[in-house]
Amino acid sequence: MADDKNQKTCKNPPCGCPATDGAKFCGPSCEGTGDIIEIDCDCGHEACSGNF
Ligand SMILES: [Zn+2]
Ligand SMILES: [Zn+2]
């Protein structure tokens, strides 16, 4: 949804949270997925589109 070029989103596919500046993921939860493709996201952010 937020598609600002200055705002990078989390590299975890189901996650739509903004990534921390300089990081690829929004937080440790997504960062910990590594090569595993999760269907849902467990980052815990309320606004996360992948958190079912
Ligand atoms: Zn998320
Ligand atoms: Zn994330």
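Between Thr9 and Ala19, the built amide H atoms are under 5 Å apart, and every one of these is 5 or more places off in sequence or on another chain. In terms of surrounding Cβ atoms within a 10 Å radius of their Cβ, Ser29, Ser49 rank from fewest to most as Ser49, Ser29.
Among Lys8, Lys24, which comes first, second and so on when ranked by fewest other beta-carbon atoms within 10 Å?
Lys24, Lys8
Only the coordinates and a few stated rules stand behind these numbers; no lab work does. The structure displayed is predicted, hence computed values, not measured ones. Here Cβ is always computed from backbone atoms with ideal geometry, including for glycine, and neighbour counts include all displayed protein chains.
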